[in-house]
Structure formats: structure tokens, C-alpha cells
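This is the structure I want to talk about, given as C-alpha cells.
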Amino acid sequence: MRGKKADDVDGWLVIDKPQGMTSTQVVGKTRWLLHANKNGHTGTLDPFATGVLPIAFGEATKLVPFVMNGDKEYEFVLKWGEKTTTDDIEGEITERCAKIPSKDEILAAIPHFVGKITQIPPQYSAIKINGREAYKAARKGEFVEIPARQIEIFELELLAEYADSAKFRVKCSKGTYVRTLGKDLAEYLGTVGHLSELRRTKCANFGLDDKILLDSLEKLEYVEERRKSLLPIETSLRDIAEIAVSAEDARKLSMGQGLSPKDYDVLPSENLLAAVCDGCLIALVRADERKISPIRVFKTFNKGNTDVD
């Protein structure tokens, strides 16, 4: 494959990110393995974290913002008694406390962290302050003022207790820093803590059932075999209602033109709809009283329907 031009590859690859790799490294590795010319991830996982990392290829990259806006689920282990600079195992210990919260104390604290809450993202984060990532300043020993943000915790559950730590499951909105959640929970309980494990189990519509190990992908000898692991573009739209359009209207949408809502049984709504033709995703659309308007248009229709003028 050396020297050969990369191919147009469309679809989703859900990698079970291994510990120690950055999300960007996974993107580069999978682009090489599938010999693809375009891909990208849907939200950074810290190097020490593992789990669901959806990688969009080709036309699927147009759906990345919608996946990034979806809810996430994680399992994490919070180690009591040690605070670190990064709020996880990769940082240096800055404070110790002998208190280990009891099960009753933990269960009583959980409701205080469910619902819409405010958190201040960690110093070691990719948030830009005055055009500069916070973690770059933190690495130089500089402190930056990071504004608080409102996030939402839909569910927080205690899964297990160990001698000096506890395991939790959390379902949360986009923008949630689980490291910060762990740190804040420990402080609420009168101690300090940091995450010793973090695993994402769901990202929008993608879960562990969709995943493939990076090692398994590497063991496949041929590119064609690796590409069989790709999921269709529309996999990320499982919760979006569909509207079946004619071939002629599919052509109009693919050219960025709107359709008359009178021709279809749709109601005006702020929600997106997936316009499909013969099982092929044509566009994401939004309907109002006057028009069905394309929001995102996909080239896959023309790829598979060369007989359409």
C-alpha cells in the first residue's frame, strides 16, 4: 500500500481505546489501517482512559458534531485519600487524607451530584483560555482561571467498594469531566481522591457492543478485511426519525435544494429527520411550514446511484 493514494472510505469504526494511547493517535492508526483519506474522532478520551471511541470516516465526519453532543456513560474507580495534579493516576500526588468514606456516606452524597450541577474543568484539560490550551499552561506550572460550566448528571450509581476506592457508573451530558466529578465527590465526603480507572461504555448511540479492539484490527492482513468492521454512516442516527423520499427528491436534496412538506407526511419541528432513498442516507433535514430543508448532505447516494441525472 506504500505510495498508493488513500481511498474514500465511509462509515464508523468504534474502537475500544487502549490505555496509554491518545485519541489522536488512534485516529492516525485507524486511518493507516483502513488506508483512508479522511477520518476523525468524536470526543477526546484521556490517555489513561479506555473504552468507546467512535471514529468517523469520510462522509460520516459530517455527523461528528451530532455524536459529540450526545450523552455519555462511563465506569470509573475513585481512589480515596490522594489528590493529584491531574485528578487521575497520571498526575503527581499533592495532598493526602486518611479518611475513607463509608458506603452509607457515599450513598447519601450521590443525590447531590445528580441533575444539573456546576463544575470547574481541571487545569489539565484541552479547554482553551485566551486561545491557549489549559494543559499547556499547567505543564509549565502556570495556573489559569477556568470558568465554571453547567453540566448534567442523569445517573450516578455506586457499583462496588474496595479497601481504598470505590467504583461508579455515570450517565452524563456532553462537556462533563469525570475526573472533576470524582474530585468533587471526594471533597464533598470530607476527603480527597483521584480517578485510578476510567472507561467509557457509551458515546451517543455507540456502545461496547459496537466496539472492536485495535489489536484485533491490526491482526487482519488485508485492508478489505479491516473495512468490514465499519458500521454504516446512519448507525449514529438510530434515534432520529426517517423520511423516505423519491429518487427525484433525493437528487434535489443532494444538490442542496429544499422539498415541499405537502408531498410528505411530516410536521413542522425543530428536530432533525434523516431523509433516505432505497435505504441510502441522503441528508439530514429539518421541516417547517414552507419547506423541508437539507442541513447535512451526503455523497453516498450518488456513489450508489449513478443512473440518477
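Which of the residues spanning region 186-215 are surrounded by 20 or more Cβ atoms within 10 Å (Cβ to Cβ) and among the aromatic types (Phe, Trp, Tyr)?
Passing the criteria: only PHE206.
Matching residues to (1) within 18 Å of LEU63 (Cα to Cα); (2) not small (Gly, Ala, Ser):
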position	(1), (2)
PRO261	no, yes
TYR264	no, yes
SER269	no, no
ALA275	yes, no
ILE282	yes, yes
LYS291	no, yes
ARG296	yes, yes
LYS299	yes, yes
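For the subset of region 28-53 comprising residues that are over 17 Å from TYR177 (Cα atoms) and crowded, with 20+ Cβ neighbours inside 10 Å, which member is nearest to the chain's Cα centre (by Cα)?
HIS41
So which of LEU195, LEU237, LEU230, LEU189 is in contact (Cβ under 8 Å) with a residue 12 or more places away in the chain and closer than 15 Å to ASP16 by Cα?
LEU230
Please enumerate the residues belonging to region 242-259 that are closer than 17 Å to LYS62 by Cα and part of a helix (DSSP H, G or I). Give the derivation first.
Filtering region 242-259 for residues closer than 17 Å to LYS62 by Cα gives 253-256.
Across region 242-259, the qualifying residues are LEU253, SER254.
Further question on the same structure: Among the residues of region 147-169, which ones are in contact (Cβ under 8 Å) with a residue 60 or more places away in the chain and within 18 Å of VAL67 (Cα to Cα)?
Within region 147-169, just PHE154 meets the criteria.
Hey, another quick one. Quick check on LYS4: is it more than 13 Å from the chain's Cα centre (by Cα) and either part of a strand (DSSP E or B) or at pLDDT below 95 (or both)?
yes
For LEU45, all conditions in the list (1) modelled with pLDDT under 95; (2) farther than 24 Å from GLU155 by Cα; (3) out of contact with any Phe, Trp or Tyr (no Cβ under 7 Å at 6 or more places or on another chain) hold save one; what is the number of the exception?
Condition not satisfied by LEU45: (2).
Restricting the search to region 235-257, which residues are under 13 Å from PRO294 (Cα atoms) and either among the charged types (D, E, K, R) or surrounded by fewer than 17 Cβ atoms within 10 Å (Cβ to Cβ) (or both)?
ASP249, ARG251, LYS252, MET255, GLY256, GLN257
Continuing with the same structure: For region 18-27, which residues satisfy the criterion of being of a type in the set (Gly, Ala, Ser) and over 14 Å from the mean Cα position of the chain (by Cα)?
Scanning region 18-27 gives a single hit, GLY20.
A further question on this structure: Could you tell me which residue of region 160-212 is nearest to SER236 (Cα to Cα), considering only residues that are touching a Gly at 6+ places or on another chain (Cβ under 6 Å) and of a type in the set (Lys, Arg)?
The qualifying residue nearest to SER236 (Cα to Cα) is ARG200.
Yes/no per residue for (1) assigned by TED's automatic domain parsing to the domain that holds GLN119; (2) exposed (fewer than 13 other Cβ atoms within 10 Å of the Cβ); (3) out of contact with any helix residue (DSSP H, G or I) (no Cβ under 9 Å at 6 or more places or on another chain); (4) part of a loop (DSSP other than H, G, I, E, B):
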{"site": "PRO147", "(1), (2), (3), (4)": "yes, yes, yes, yes"}
{"site": "ILE153", "(1), (2), (3), (4)": "yes, no, no, no"}
{"site": "LEU159", "(1), (2), (3), (4)": "yes, yes, yes, no"}
{"site": "ALA166", "(1), (2), (3), (4)": "yes, no, no, no"}
{"site": "LYS171", "(1), (2), (3), (4)": "yes, no, yes, no"}
{"site": "LYS174", "(1), (2), (3), (4)": "yes, no, no, yes"}
{"site": "THR180", "(1), (2), (3), (4)": "yes, no, yes, no"}
{"site": "ASP184", "(1), (2), (3), (4)": "yes, no, no, no"}
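Please specify each residue of region 201-241 satisfying the condition of being outside any loop (DSSP other than H, G, I, E, B), charged (D, E, K, R) and at pLDDT 90 or above.
If the condition is that a residue be outside any loop (DSSP other than H, G, I, E, B), charged (D, E, K, R) and at pLDDT 90 or above, then LYS202, ASP209, ASP210, ASP215, GLU218, LYS219, GLU224, GLU225, ARG226, ARG227 are the ones that fit.
Which residue is surrounded by the fewest Cβ atoms within 10 Å (Cβ to Cβ), if the candidates are limited to region 71-123 and must be part of a loop (DSSP other than H, G, I, E, B) and among the polar types (S, T, N, Q)?
SER102
The values are calculated or read from the model by the stated rules, or taken from the named source; none is laboratory data. Just so it is clear, the structure is predicted and the values come from calculations on it, not from any experiment. With ideal geometry, Cβ positions are generated from the backbone for all residues, glycine too; neighbour counts draw on all protein chains shown.
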